[in-house]
2 protein chains.
Amino acid sequence: MTLTPLLSPRSIAVIGASDNARRIGGMPVDLLIRAGFEKIYPVNPKNETIQGLKAYRKIEDVPERVDLVILAVSADMVLEQLERSHALGIPAAMVFAAGYAETNEELGIAKQAALTSFATRSGMKIAGPNCMGNANFTDQIFTTFGPSFQPGEPAGNTALLTQSGNMCATVFRMAKRAGVTFSQIINTGNEAAVDFSDYLEHLASDPATQAAVCYIEQLRDGPKFMAAAAKFRAAGKLLTVFKVGVSEKGAAAAASHTAALAGDSAAYDAAFTQAGVARVNELSGLSDLAYLHGFADKIGGSNCAVLSISGAAGAILADALQLSGGDTPTLPQSVQDALDAQIPGHAMVSNPVDLTGNIVNSNEFLSDCINIALSAEAIDVLLLYTPGSFLTGAYEQIKKAAAANHKAVIVIDTYSTADRAELAADGIVYFDDFDRAARAIGAYGKWKKSGMAATTAAAATAVWPALPEARVALSETEGKEALAAFGVPVVRDAIVHTPEEAGEAANLIGYPLVAKLVSPDVAHKTEHGLIRLSLKDEDDVVDAFESMMAKARSMDVHIEGVTLEPMLQGGVEILAGVTRDPVFGWMLTVGMGGVWTELMKDVQHRLLPVDAAGAEEMLRSLKSFKLLDGYRGAPKADVVAAAKAIAALGDAVLAGGERLREVEVNPLLVLPEGKGAVAVDALVLLTEPARAPEEEAA
Amino acid sequence: MTLTPLLSPRSIAVIGASDNARRIGGMPVDLLIRAGFEKIYPVNPKNETIQGLKAYRKIEDVPERVDLVILAVSADMVLEQLERSHALGIPAAMVFAAGYAETNEELGIAKQAALTSFATRSGMKIAGPNCMGNANFTDQIFTTFGPSFQPGEPAGNTALLTQSGNMCATVFRMAKRAGVTFSQIINTGNEAAVDFSDYLEHLASDPATQAAVCYIEQLRDGPKFMAAAAKFRAAGKLLTVFKVGVSEKGAAAAASHTAALAGDSAAYDAAFTQAGVARVNELSGLSDLAYLHGFADKIGGSNCAVLSISGAAGAILADALQLSGGDTPTLPQSVQDALDAQIPGHAMVSNPVDLTGNIVNSNEFLSDCINIALSAEAIDVLLLYTPGSFLTGAYEQIKKAAAANHKAVIVIDTYSTADRAELAADGIVYFDDFDRAARAIGAYGKWKKSGMAATTAAAATAVWPALPEARVALSETEGKEALAAFGVPVVRDAIVHTPEEAGEAANLIGYPLVAKLVSPDVAHKTEHGLIRLSLKDEDDVVDAFESMMAKARSMDVHIEGVTLEPMLQGGVEILAGVTRDPVFGWMLTVGMGGVWTELMKDVQHRLLPVDAAGAEEMLRSLKSFKLLDGYRGAPKADVVAAAKAIAALGDAVLAGGERLREVEVNPLLVLPEGKGAVAVDALVLLTEPARAPEEEAA
């Protein structure tokens, strides 16, 4: 099931090849010829030759079984050509034609479905349709009609993978300006057969690729993406993505021009975080992160020592790093003392460090200061602000210090006077903008230190009750019982009518508990002894039941029974819910409930599975976590128990299968430490049963 | 008191002038000569000539009373030279020397104080010390030792005003790349005499200046800045600032290298918003906003119609605009229909508009689409994504449409193939980056639509009680009474002992009210009729008082009296407090109180004065405002009354004078609509009385 024939073909036929190098059928032939690719077979019934090569009237005439057939023909002709190519044993195809699902019209959607179905049936690896094609710089193979990618560009170890042809060209140009070179360029198009994650999985094991920069509009298969991302993470390869559609209007625009399911933006966030993907929020971040990954060995994180010839620049960088998730840790006193001894006057040495004008005077001053600052263990990298002539003047010292340290020296020159490639050759990292540098360092450092969330679900410990077809929800009691079977602690209550029933129910509910007479006729129950608190065991409960019934009978009122409820004191109410995202599947949401969730959006999301440690991290990441942590003298809440209950909820949902639509525990009452957490209410929504066709028609 | 001699001198003496054009005393002479400035008088006791000009041994030898004397001498010599220049009647001076307050050492601080004191005494306009000087491109006058500013640069109508010499050069270079040209460049240095706001005020009335871009570390006088900013706003001139120190570490770094008070970051935010200042968060934003201001007449706001040759780019721009405070309003159906008639196929026309590949085919297609989209009233400007050859190919159409519309056509070309100046000549706005464009348009549109907050305090309607020296706080009752005098409704209560006292107190408190017997001996007061609710008038209260006393006497319990309290039902608790910022003075803070403020930081700040309309805007800007607005079926709270109470609090504080340190009403209970709002508690903190010197010593 390899994509090698598609991405690294040794021989290529171009059906619809054109003599005109500027046409869609001509460009790949022209590029391949100029790249020195030998086995090109133009197919065109009307020409003897194409761009100087012998042309073949039909694919069957091509004298070898090629690895890849490029279809530069209109959508109407695609399927027939694919079938004929498949009959010849050709394993891969690329379809440039538009007119498929991207039209949002019935005919186009049907055409794309036919393509998908043929790919499944045949096993052929089909790229597109509606794609611009690929460029393999490692092997110098150009299977694209895009003019941006030309033979002779230096190959690098970054792959570019995009869902938009235009953004493919845009990011490529941005990245070139940022000093990034590429192994592969892939534009996925409509992904009727080979999809984004298939390419990603291929790149994860491509030895020429150390980083992938991705432009994503919509993923079609979340779990497949997660699996491919995990391979990247495990191999220490950078996977960085720009995902369009973070705002409602952006999402609507992206959805309307692709033919994919619109997943929840929160689910994408959760997925990227959990899979260790470095997400950037501006296109330029893609190339900046790939560029930094070229210095991967020297950048362990984003704790920066900032050295600057200008106090202003130091302060600006400190701000920008803080806002980007990086930091400027205060240097240890010994390091500050050593810097103080170097720098004349009373300059700032805590971090940022003000080098003052002295940089222009002394020979070893700058390299000494760099070495001293980098000696601090808490420091990952050094940021040096030396604009224009300061950089030129101090260059030899910077070069020396960069060579002497295993931590990166990152130079910032806002005058844009230097060239990244030249500095890179000397092991020096370079930016010309404060904010771009800070954003890139912050995001890269976060990625470098990120782990992978748990990805394996716990083995199911119970089964769900049979879920009748006609139901669209469970009752509260049914829901709680179902979750309880999976280890979610739930509040149970019961109406009992006899001392035996009372004892039995009480043992099930647990102690201490509260007993109340149920009667419409009694107003002040407490005063009449018809509410009894703090019942500690079965004897207590039976005694209370009997005396309450006796009292009630003596009052001659209508008696409906006695309710038993656990006696819950104190505690903080939270909510935990699981919804199904169309792309990523089950997503767990945790928050404080009520106004916190509704007005402040103070919630955390993760994709299932989530273990207890993960659930606890979610709780601790809430802004309102302090409410659980002994806020204003309240006892600390049992966060460990709450996390366990939330993980059990997740496991229960994973075991529940297709009939589940949404499961929510609200509130989950988190009692004081050591006292546990209990689901007070549970909502279990079921999918609508599939209706039979006659019903539909009726 | 004009700064004209300093910023537009007709004659200049340079004390410490050097023959070497690269030295601090040589550079201004060299620049002025090359700029063709005629009346330069180098002063140097050792040379006969300086750079070909006759040199004078001392300032007294200079044959005319110059407008400006530049002191290129060390700090030790500055004061004497200033005194001698002042004696000659020279009105302005510029001090390059360092070694003043920026050293954070006693000696330097004292030197600066002496300079300030001399300036005050003499009335001389003194720039610096520790400044890099200025460049006046309008009049081609260079009074700087910075090599970045050279004669012959084209003059423009933007002024650059910075508190850091290095950032002055950096922003200037960035702005040049962004196509901005300048009227004046001013580096303020330590601001011992002429400060940031003095320059700003001068620029507000400088006819050559239409916009000011500012780099700010710390302001010394907030109210003066606000007044200068108001002049900019009134003149329709853009004032845009980058303020360093938004993070704690950045603020610490900025404070430690300047010699100014560290104001609260929230106070700066409030000040900039209220004064109609366009704040940017990246240095590049300064030049982008100045650039956009060059098209001020054509940019009424940031509601964009986005036209794009790529669905992806449209979605990216929609995202970026949303995140930057701009918008892509859905186009009216008639406009959509008109676009739909132009664009083949079923393209997206709601906004963003997908132009599809048709842009390359038809002659009038693009200009027609631009005209149609701009015809929508809700649209302020048009954003067009046409990278590289698409821009070249469609240029004539774009130019035609730009000329035909009074709304701006903003082109985005991520391939960076065009030149801003060339496009500007054709009336076309140009960016090469999605996010920079969106940030700039969002911020500029916000500025364009921003108003000015109220700046005049209401006349004081009352006076504060005498505040004894020894007190550091008022009691709750004193505080509430003081605020009540200014019209803040407060909750009053009283313990009464006779029917007469009860009636009198009740009339003061207001109705309905609650009466409670105060006795340590009675447990169930309600049951014994010792709590009486909903008392509607004096008769009710007197009756209740008498019957409660009678009942209590019959029970033979110890009676302390009867408390009367207003009966407050429902309502939402908020807080309103006023603190004193060292730079900007009184700052009002409004929030929901409790966890909302503490954990969620859901507060709004404004500088006083704030009128009721402003206070209502603050409340409505809270994320938790919905709690006041009928949340989950609760009645709407009396927001109008709350706003009035908050405004009265602000007026009270303004009338309170220097002894007040902090005043907080917490909670302010906002009752259901029509029922008002009342201060339940009030905290009034006073400044520590100034101690006599002998106490200090003891």
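The values are calculated or read from the model by the stated rules, or taken from the named source; none is laboratory data. If you're wondering where the values come from, they're calculated on a predicted model, not measured in any experiment. Virtual Cβ from ideal backbone geometry, glycine too; neighbours counted across all protein chains shown. Only protein heavy atoms, including side chains, enter the accessible area calculation; ligands, DNA and RNA are left aside. Shrake-Rupley method; radii C 1.70, N 1.55, O 1.52, S 1.80 Å.
Table for the structure above
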{"item": "Any chance A:ALA544 is in contact (Cβ under 8 Å) with a residue 60 or more places away in the chain, buried (at least 18 other Cβ atoms within 10 Å of the Cβ) and over 30 Å from A:VAL639 (Cβ atoms)", "result": "no"}
{"item": "All positions within segment A:123-149 that are assigned by TED's automatic domain parsing to the domain that holds A:ALA92 and surrounded by fewer than 18 Cβ atoms within 10 Å (Cβ to Cβ)", "result": "A:GLY123"}
{"item": "Pair list, Cβ under 6 Å, 6 or more apart: segment A:569-583 residue closer than 13 Å to A:HIS605 by Cβ, other residue open to solvent by 30 Å² or more (accessible area, probe 1.4 Å) and assigned to a loop (DSSP other than H, G, I, E, B)", "result": "A:ASP581/A:ASP264"}
{"item": "Yes/no for A:PHE182 being more than 14 Å from chain B (Cβ to nearest Cβ), in contact (Cβ under 8 Å) with a residue 24 or more places away in the chain and of a type in the set (Phe, Trp, Tyr)", "result": "yes"}
{"item": "Residue within segment A:644-663 that is touching a helix residue (DSSP H, G or I) at 6+ places or on another chain (Cβ under 8 Å), within 25 Å of A:GLN274 (Cβ to Cβ) and within 14 Å of chain B (Cβ to nearest Cβ) present", "result": "no"}
{"item": "Residues located in segment B:353-396, provided they are crowded, with 20+ Cβ neighbours inside 10 Å, outside any loop (DSSP other than H, G, I, E, B) and acidic (Asp, Glu)", "result": "B:ASP354"}
{"item": "Matching residues, segment A:359-408, being of a type in the set (S, T, N, Q) and touching a Leu at 6+ places or on another chain (Cβ under 9 Å)", "result": "A:THR386, A:GLN397, A:ASN405"}
{"item": "Sole exception among (1) over 26 Å from A:LEU355 (Cα atoms); (2) polar (S, T, N, Q); (3) touching a helix residue (DSSP H, G or I) at 6+ places or on another chain (Cβ under 8 Å) for B:ASN104, by number", "result": "(1)"}
{"item": "Restricting segment A:397-418 to residues that are closer than 16 Å to A:LEU321 by Cβ and within 14 Å of chain B (Cβ to nearest Cβ), the residue that is surrounded by the fewest Cβ atoms within 10 Å (Cβ to Cβ)", "result": "A:ILE412"}
{"item": "One residue from A:ILE15, A:ILE70 being surrounded by 23 or more Cβ atoms within 10 Å (Cβ to Cβ), closer than 26 Å to A:SER205 by Cβ and not aromatic (Phe, Trp, Tyr)", "result": "A:ILE70"}
{"item": "Whichever residue in segment B:119-148 is within 14 Å of chain A (Cβ to nearest Cβ) and not aliphatic (A, V, I, L, M) and, among such residues, is farthest from B:ALA35 (Cα to Cα)", "result": "B:ASN130"}
{"item": "Meets criteria (without any contact (Cβ under 8 Å) to a residue 60 or more places away in the chain and within 14 Å of chain B (Cβ to nearest Cβ)) for A:LYS243", "result": "yes"}
{"item": "Qualifying residue in segment A:278-287 (condition: more than 13 Å from chain B (Cβ to nearest Cβ) and in contact with a Gly (Cβ under 9 Å, 6 or more places away or on another chain))", "result": "yes"}
{"item": "Matching residues in segment B:296-328 - criterion: being assigned to a helix (DSSP H, G or I), hydrophobic (A, V, I, L, M, F, W, C) and in contact (Cβ under 8 Å) with a residue 24 or more places away in the chain", "result": "B:ALA296, B:ALA313, B:ALA315, B:ILE316, B:LEU317, B:ALA318, B:ALA320, B:LEU321, B:LEU323"}
{"item": "Residues being under 19 Å from A:VAL640 (Cα atoms) and open to solvent by less than 30 Å² (accessible area, probe 1.4 Å) - total across segment A:468-492", "result": "6"}
{"item": "Failed condition for A:THR526, given (1) open to solvent by 60 Å² or more (accessible area, probe 1.4 Å); (2) of a type in the set (Ser, Thr, Tyr); (3) closer than 23 Å to A:LYS480 by Cα", "result": "(3)"}
{"item": "Segment A:288-342, residues that are more than 14 Å from chain B (Cβ to nearest Cβ), closer than 24 Å to A:THR356 by Cβ, surrounded by fewer than 23 Cβ atoms within 10 Å (Cβ to Cβ) and not acidic (Asp, Glu)", "result": "A:PRO332, A:GLN333, A:SER334, A:ALA338, A:ALA341, A:GLN342"}
{"item": "Tabulated pairs, segment A:30-51, first under 18 Å from A:THR144 (Cβ atoms), second open to solvent by 70 Å² or more (accessible area, probe 1.4 Å), C-beta under 7 angstrom, 6+ apart or interchain", "result": "A:LYS39/A:ARG10; A:VAL43/A:LYS58; A:ILE50/A:ASP19; A:GLN51/A:ASP19"}
{"item": "Candidate set from segment A:634-691 (those that are among the acidic types (Asp, Glu) and within 29 Å of the chain's Cα centre (by Cα)); member that is surrounded by the fewest Cβ atoms within 10 Å (Cβ to Cβ)", "result": "A:GLU658"}
{"item": "Cβ pairs under 8 Å, 6+ apart, first in segment B:643-666 and assigned to a loop (DSSP other than H, G, I, E, B), second of a type in the set (Val, Ile, Thr)", "result": "B:GLU658/B:THR687; B:ARG659/B:THR687"}
{"item": "Options B:LEU289, B:LEU331; residue that is part of a loop (DSSP other than H, G, I, E, B) and either in contact with a Phe, Trp or Tyr (Cβ under 6 Å, 6 or more places away or on another chain) or closer than 15 Å to B:ASP380 by Cα (or both)", "result": "B:LEU331"}
{"item": "Checklist (1) free of Cβ contacts under 8 Å to residues at least 60 places away in the same chain; (2) more than 14 Å from chain B (Cβ to nearest Cβ); (3) outside any helix (DSSP H, G or I) applied to A:MET348, failing item", "result": "(2)"}
{"item": "The one condition in (1) open to solvent by 30 Å² or more (accessible area, probe 1.4 Å); (2) modelled with pLDDT of 90 or more; (3) within 14 Å of chain B (Cβ to nearest Cβ) that A:PHE625 fails to fulfil", "result": "(1)"}
{"item": "Test result for B:ASP206, within 23 Å of B:GLY123 (Cα to Cα), outside the structural domain of B:TYR41 (by TED's automatic domain parsing) and among the acidic types (Asp, Glu)", "result": "yes"}
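Quick grid of which residues meet (1) among the charged types (D, E, K, R); (2) part of a loop (DSSP other than H, G, I, E, B):
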{"position": "B:ILE186", "(1), (2)": "no, no"}
{"position": "B:ASP198", "(1), (2)": "yes, no"}
{"position": "B:LEU203", "(1), (2)": "no, no"}
{"position": "B:PRO207", "(1), (2)": "no, yes"}
{"position": "B:VAL213", "(1), (2)": "no, no"}
{"position": "B:GLN218", "(1), (2)": "no, yes"}
{"position": "B:PRO223", "(1), (2)": "no, no"}
{"position": "B:ALA251", "(1), (2)": "no, no"}
{"position": "B:ASP269", "(1), (2)": "yes, no"}
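Condition check ((1) surrounded by 15 or more Cβ atoms within 10 Å (Cβ to Cβ); (2) touching a residue at least 40 places away in the same chain (Cβ under 8 Å); (3) not hydrophobic (A, V, I, L, M, F, W, C)) across all residues:
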| position | (1), (2), (3) |
| --- | --- |
| A:ALA466 | no, no, no |
| A:ILE509 | yes, yes, no |
| A:LYS516 | yes, yes, yes |
| A:SER519 | yes, yes, yes |
| A:VAL522 | yes, no, no |
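Per-residue answers, yes or no, for (1) surrounded by fewer than 18 Cβ atoms within 10 Å (Cβ to Cβ); (2) under 34 Å from the mean Cα position of the chain (by Cα); (3) farther than 22 Å from B:ASP195 by Cα:
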{"position": "B:VAL66", "(1), (2), (3)": "no, no, yes"}
{"position": "B:ARG84", "(1), (2), (3)": "yes, no, yes"}
{"position": "B:MET94", "(1), (2), (3)": "no, yes, no"}
{"position": "B:ALA97", "(1), (2), (3)": "no, yes, no"}
